[in-house]
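This report refers to the structure that appears directly beneath it.
Coordinate-derived values only; no laboratory data. These numbers were taken from a predicted model, which means no experiment stands behind them. Don't worry about glycine lacking a Cβ; one is built from the backbone with ideal geometry, like all the others, and counts go over all protein chains shown.
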Ligand SMILES: [Mn+2]
């Protein structure tokens, strides 16, 4: 894919927006800001639509201009890092009204998801790495784009730790560093920023920890009531599944977070061969082989019994 091709797709349109998935993460925010900067380098102005972009990304140049409501007029809607129209519900209205929907993602598109144009590369570490590729050799990478794309890459690779990290990822990171990405600041901000609330989330998760499937699965949850009582946000809980996935003895880690009453956001991690994307698929979700997510309205006890069954049948 080239930026010239994408520019052809949007030729003649002026109301251009970029959105991503609900609960936007580092790759989603990074890819959106990076794409906005790339379009700007080609004289095209685009605006970003994301619901509740996490405060941890507020250092990125462009964060302040993120819009949270559907705009009056949308002609082109870029959708980054999101493979399913069920995952950008706040902006479904913009999706329905856009003349051209362009999907850019490193997840396989979900069945039934309709976009006018799509560019999908499942072997890429992150959508941000794909946007980096679009810059090509000729386009100058602004500092804003470098910080944003670096953020997206290290978010999705866990700081170059996950197996999705490739030679191309490191080359991209090196060039982003040369373009001025604040690499050590970003790494510390994303992965080594402890807060009392994050520690409380881990404490509750450890209190609720149990082992399922003959101790092959480490599972925990944080209930809606625990979220409320401890004033925890979704961001405060994001280290929990990683903490469990560090356990040497297990095959899978599962974290169920009841962010809204009666609905559990599920995070799955695989240690070795288990494909948790398939497990998440059994609950209507998806993701990658080693990291996936879903959501469920089942009561906690029943939910964990089903999760155990789905995982054990695949081990
Ligand atoms: Mn991603």
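What the table shows:
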quantity: Residues in segment 56-75 reached by a label modelled at residue 182 [backbone nitrogen below 13 Å; 7 Å Cα→Cβ]; calculated: 56-63
quantity: Residues of segment 274-315 with amide N under 14 Å of the 7 Å Cα→Cβ point at residue 225; calculated: 300-301
quantity: FRET E, pair residue 197, residue 162, Förster distance 22 Å, beta-carbon r, rounded to 0.05; calculated: 0.30
quantity: Ordering of 180-190, 154-164 by burial proxy (mean other Cβ atoms within 10 Å per residue, highest first); calculated: 154-164, 180-190
quantity: Residue 247 paired with residue 298, simple spin-label distance in nm, labels 7 Å along Cα-to-beta-carbon; calculated: 1.9
quantity: Structure-based [θ]222 nm, the chain - -39500 (n - 2.57) summed over DSSP H runs of at least 4, per residue, nearest 500; calculated: -11000 deg cm²/dmol
quantity: Rounded, prolate or oblate (a/c below 1.5 giving rounded, otherwise prolate when a/b exceeds b/c) for the chain by Cα gyration tensor; calculated: prolate
quantity: For segment 243-315 and segment 94-109, distance of Cα centres in Å; calculated: 27
quantity: Burial ordering of 94, 125, 295, fewest other beta-carbon atoms within 10 Å first; calculated: 295, 94, 125
quantity: Per-peptide average of other Cβ atoms within 10 Å, ordering 220-233, 137-150, 109-122 highest first; calculated: 137-150, 220-233, 109-122
quantity: Helix axis angle, 26-41 relative to the chain longest principal axis, alpha carbon, degrees; calculated: 0
quantity: Rounded tilt (10° steps) of 196-207 against the dominant C-alpha axis of the chain; calculated: 40
quantity: Likely footprinting exposure, 36, 193, 314, fewest C-beta neighbours within 10 Å first; calculated: 193, 314, 36
quantity: Proxy reagent accessibility, fewest Cβ within 10 Å first, across 33, 22; calculated: 22, 33
